[in-house]
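Q: Just passing along the structure, written as C-alpha cells.
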Amino acid sequence: MYAVKRKVLYCGVVIVILIILLHPDRNGTRNYYYISKENILNCLRPEIANNLSSTALADCDYYDIIHDDTTLPLSIAEGDLVENHRIKEGGEYAPVECRPKFSTAIIVPYRDRAEQLRGFLVYMHLFLRQQHIHYRIYVVEQVDSRPFNRAKLINIGARAAMQAGYPCLVLHDVDLLPLKLANIYACTELPRHMSCSINKFRFVLPYLNKFDGVVSISSKQYKTVNGMSNQYFGWSGEDDDFYKRLEAHSIELSRFEPSTSQYHMVAYEGQLKRPEKSESLANAKERMTSDGLNSLKYTEVATVLHPLFTHIMVDL
C-alpha cells in the first residue's frame, strides 16, 4: 500500500511539473507597451472613404464605445441577423444617426469553412454595427487546388478595398471573434496587432514580435511595405515576413491593453501548418520591393455582392 501511494504521489508531482512547463504563461509575455484607453482616441486615424456620404447632422462620438467593457456572447454567431439591419449589398454598413469618422475594410482570406464563415459574418456585423464606423467585409476565396496562400489572398482583398477608397485595412482570420466592443475596428497611427490576447493562449501574448490573426494597418502603410509576400503557399511564415517588412521601414507596432484585445478562436480541424518555417524568411527584406502588391498575379473567377459580404473568388 505504501508503494502504491508513493507511485501516485510521484505521478502527481510529474503532472504538476508538466503543467507548469507547458502552460502558455511560462513562455508568454504580459509586459509590453500598449495604448491605454485614455489615449486611444488620440491615436486613432480619423479618415473616411471618398465614396461615403452622410446626411447626419452630428459626428459620431467614440468615447463611450472605447470605455465600454461589454463582452458580446459568442452564442449570437449561431443565430441570424434581425430584420432592418441596414447592411448594404456587399456587406457595407454606415450609421445613419451620426457621421462616422472611420472607414474600414475587413479582409478575410478564406477556403472551405462555410459554417465558420456564416457564424463569423453574423457575429461581426452585430459587433461592428455597435461601433459607429463605416465598414465593408471582403471575403477572398481561393478556389483552385493549390496549397492555401493566406497572404496573397489578403493582397487581393486589400487591392480591391483600396480601389474602393478605404483608408484603413483590417486583415482578419475567419476563426477569430473579438470579445470587447472597446476594441474598435479603426486604424491607429501605427499598425496594430488587434488580437494579442486570444483564449487559445490563455489570453497571453506568446512573443513580442507576433503579428498575425487580426491586424489593422492604414492603406498608405500597406502600400509603403508593398503589402505581403505572395510566395507563402501553405500555412505559417507569411506573418513573420510581413513583420520584417515593417521592421525594414522602421514602422513599429502598437496594441491595446490585453483586456481590450481579447479574442475567441473558434475550433476547426482543417489544414495543418507546415512543420518548418519557409526558407523565404531568410531573404524576406531583400524580396519586399519586388514581391507583393506590385507583383500580384491571379485570375479573378468572380466577384459577387452578397447581402453580408463582398465575395471575391480567385484562382492563384
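The values are calculated or read from the model by the stated rules, or taken from the named source; none is laboratory data. Model, not experiment: these values are computed from the prediction. Counting neighbours? That spans all protein chains shown, and the Cβs are built from the backbone with ideal geometry, glycine included.
Q: What are the residues in region 173-214 that are in contact with a helix residue (DSSP H, G or I) (Cβ under 8 Å, 6 or more places away or on another chain), free of Cβ contacts under 8 Å to residues at least 60 places away in the same chain and in a strand (DSSP E or B), if any?
A: Across region 173-214, there are no qualifying residues.
Q: So which residues in region 202-234 are within 16 Å of the chain's Cα centre (by Cα) and not polar (S, T, N, Q), if there are any at all?
A: Correct list: PHE203, LEU205, LYS210, PHE211, ASP212, GLY213, VAL214, VAL215, ILE217, TYR222, GLY227, MET228.
Q: Considering region 29-77 alone, what residues qualify as being of a type in the set (Gly, Ala, Ser) and farther than 28 Å from LEU208 by Cα?
A: Residues satisfying the conditions are ALA49, SER53, SER54, ALA56, ALA58, SER75, ALA77.
Q: Starting from residues that are in contact with an Asp or Glu (Cβ under 9 Å, 6 or more places away or on another chain) and part of a strand (DSSP E or B), keep the ones in region 215-226 and report whichever is surrounded by the most Cβ atoms within 10 Å (Cβ to Cβ).
A: So the residue we want is VAL215.
Q: Would you mention how many residues in region 79-94 are under 30 Å from ALA267 (Cα atoms) and in contact (Cβ under 8 Å) with a residue 24 or more places away in the chain?
A: 10
Q: A follow-up question, please. Kindly provide the set of residues from region 30-63 that are among the β-branched types (Val, Ile, Thr) and part of a loop (DSSP other than H, G, I, E, B), ordered by number.
A: The answer is ILE48, THR55.
Q: Among the candidates LYS285, LYS277, which residue alone is in contact with an Asp or Glu (Cβ under 9 Å, 6 or more places away or on another chain), surrounded by fewer than 19 Cβ atoms within 10 Å (Cβ to Cβ), modelled with pLDDT under 95 and not in a loop (DSSP other than H, G, I, E, B)?
A: So the residue among LYS285, LYS277 that is in contact with an Asp or Glu (Cβ under 9 Å, 6 or more places away or on another chain), surrounded by fewer than 19 Cβ atoms within 10 Å (Cβ to Cβ), modelled with pLDDT under 95 and not in a loop (DSSP other than H, G, I, E, B) is LYS285.
Q: While we're on this one: Specify which of the listed residues (SER229, SER250) is closer than 21 Å to VAL108 by Cβ and either acidic (Asp, Glu) or not in a helix (DSSP H, G or I) (or both).
A: Going through SER229, SER250 in turn, the sole match is SER229.
Q: Same structure, new question: Is there any pair with a first residue in region 63-78 that is over 24 Å from ASP175 (Cα atoms) and free of Cβ contacts under 8 Å to residues at least 60 places away in the same chain and a second that is part of a helix (DSSP H, G or I) and aliphatic (A, V, I, L, M) whose Cβ atoms are under 8 Å apart and which are 6 or more apart or on different chains, and what are they?
A: Correct list of pairs: TYR63/LEU41.
Q: When the residues of region 253-272 are narrowed to those that are polar (S, T, N, Q) and assigned to a loop (DSSP other than H, G, I, E, B), which ends up farthest from the chain's Cα centre (by Cα)? Please lay out each step first, then the result.
A: First, pick out the residues of region 253-272 that are polar (S, T, N, Q): 254, 259-262, 271.
Now narrow it down to the ones that are assigned to a loop (DSSP other than H, G, I, E, B): 259-261, 271.
Working: SER259: 17, THR260: 14, SER261: 11, GLN271: 19 Å.
The extreme case among them is GLN271.
Q: Hey, SER197 hits all of (1) closer than 20 Å to ILE312 by Cα; (2) surrounded by 24 or more Cβ atoms within 10 Å (Cβ to Cβ) but one; which does it fall short on?
A: Unmet for SER197, out of (1) closer than 20 Å to ILE312 by Cα; (2) surrounded by 24 or more Cβ atoms within 10 Å (Cβ to Cβ): (1).
Q: Would you check which residues across region 152-172 are assigned to a helix (DSSP H, G or I), of a type outside the set (D, E, K, R) and crowded, with 22+ Cβ neighbours inside 10 Å and list them?
A: LEU153, ILE154, ASN155, ILE156, GLY157, ALA158, ALA161
Q: Within region 92-110, track down each residue that is surrounded by 17 or more Cβ atoms within 10 Å (Cβ to Cβ) and over 18 Å from ALA186 (Cα atoms).
A: PRO109, TYR110
Q: Considering PHE120, PHE127, which residue is of a type in the set (A, V, I, L, M, F, W, C), in contact with a Leu (Cβ under 9 Å, 6 or more places away or on another chain), more than 30 Å from ASP241 (Cα to Cα) and part of a helix (DSSP H, G or I)?
A: Criteria check complete, one pass: PHE127.
Q: Among the residues of region 291-307, write down those that are exposed (fewer than 15 other Cβ atoms within 10 Å of the Cβ) and either touching a residue at least 60 places away in the same chain (Cβ under 8 Å) or within 16 Å of ASN155 (Cα to Cα) (or both).
A: As a first pass, look at region 291-307 and keep what is exposed (fewer than 15 other Cβ atoms within 10 Å of the Cβ): 294, 297, 299-307.
ASN294, LYS297, THR299, GLU300, VAL301, THR303, LEU305, HIS306, PRO307, listed by residue number.
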